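See structure below.
Please treat every number below as a calculation from the coordinates, not as lab data. Values in this document were obtained by computation on a predicted structure and should not be read as measured data. Positions of Cβ are generated from backbone atoms using ideal geometry, with glycine treated the same way; all protein chains shown enter the neighbour counts.
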Amino acid sequence: MQMKKDIHLTSRDLLDMVQLRPEDVGKYAIVPGPKDRLEVLIKKLENPVRNFSFMEYAMYTGYLDGIKVTAINGGRFSPDTAITTEILCGAGIKNIIRIGSCGALREDIKVGDLVLATGSVRGDGVTPYYVTSDFVTVSDKGLNGIMTELINASGIKVHTGAVWTTDALLRETREKVNEAVSRAAIAVDMVSSTFLTICQMNKVKATAILSVSDNIITGELGFMNPLFYRAESATIDLALNTVRKLEGK
């Protein structure tokens with residue numbers, strides 16, 4: 001017996017399921033991972049309206065100085081990130097900024113610094129279903145240029161480079177870490193590869209700005225460090241200011 005459809009569940013099916021129309025969203029989306037970061041973000045938008053709730057994910061659309069902006073807690077891991085990113089791309093959003101966190105893969109990158117992803121070293125289990133092993137995942141240079149300009153003006157310490165994405169948080173072994181570093185990764189997370197790859201496949205401009213929570217090279221853990229929380233807050237403001245800059249405001 002053969003499967004009747006090419007794909008059992010598509011992004012179009014998901015959009016119909018949550019009753020999301022292109023006119024319901026903005027051309028810009030800002031995508032945090034956890035709900036608490038989403039709650040901080042939507043408080044900075046004017047008249048946010050909830051587009052849908054699906055399992056533990058919620059999407060809102062509001063206004064930033066008259067600019068229509070969509071926000072969603074886009075997932076903490078590669079599989080759920082793939083689902084929400086497919087929804088965002090399928091809805092016709094043209095510019096997507098991921099605000100997340102990461103571990104540093106260089107000794108000079110400190111807790112509370114920022115990492116601006118130029119692309120990804122793919123170590124996740126999702127993207128092999130989308131692209132071949134020689135596919136090069138990159139961020140949008142235009143978005144990165146604007147964000148770099150804003151970061152430099154703010155005085156926040158930022159590092160720019162590739163982010164290694166892995167599904168195995170508790171198996172960041174010396175062997176795997178050294179391999180990622182040898183491939184020019186400067187940070188590690190569990191999302192960026194999937195997010196950037198799916199956006200790139202859909203010709204959607206995307207980048208990721210990440211706050212540093214720990215350092216895998218030195219062993220430093222900073223998840224409760226106030227500098228990390230301050231950096232998380234900075235990523236939200238940077239994403240919003242990038243949207244303003246894109247609109248000439």
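Sort the stretch 120-174 into rounded, prolate or oblate with this rule: let a ≥ b ≥ c be the square roots of the eigenvalues of the Cα gyration tensor; rounded if a/c is under 1.5, and if a/c is not under 1.5, prolate when a/b is larger than b/c, oblate otherwise. Judged from the Cα gyration tensor, the stretch 120-174 comes out oblate (a/c at least 1.5, b/c at or above a/b). A cut-off under 13 angstrom between Cβ atoms defines the neighbours of GLN19, and their net charge, with Lys, Arg +1 and Asp, Glu -1, is -1.
May I ask for the net charge around ARG50, where only other residues with Cβ less than 13 Å from the Cβ of ARG50 are counted and Lys, Arg are +1 while Asp, Glu are -1?
Computed value for this residue: -1.
Within the stretch 161-215, none of the GluC sites (Glu not before Pro) combine a DSSP coil assignment with at most 13 other C-beta atoms in a 10 angstrom radius.
Return the subset of LYS157/LYS203; LYS44/LYS245; LYS94/LYS141 for which the Cα-Cα distance in this structure is over 21 Å, preserving the input order. The pairs that break the limit, which is 21 Å between Cα atoms, are LYS157/LYS203. The modelled label-to-label distance for the pair TYR229/LYS43, using points 7 Å beyond Cα in the direction of Cβ, is 1.2 nm.
Screening the chain for DSSP H helices whose Cα atoms reach 27 Å or more along their own axis and whose mean Kyte hydropathy is at least 0.0 gives 226-246.
Sites listed here are chymotrypsin sites (Phe, Trp or Tyr not before Pro) in the stretch 1-75 whose DSSP assignment is loop and whose Cβ has at most 12 other Cβ atoms within 10 Å, and the list is empty. Rg then Dmax, both in Å and based on the Cα atoms of the chain: 17.4, 62.
An oblate overall shape is assigned to the stretch 202-243, the ratio a/c of its alpha-carbon gyration tensor axes (a ≥ b ≥ c) being 1.5 or greater and a/b not exceeding b/c.
Using the Cβ-Cβ distance between ARG183 and GLU149 with R0 = 30 Å, the FRET efficiency computed as 1/(1 + (r/R0)^6) comes to roughly 0.60.
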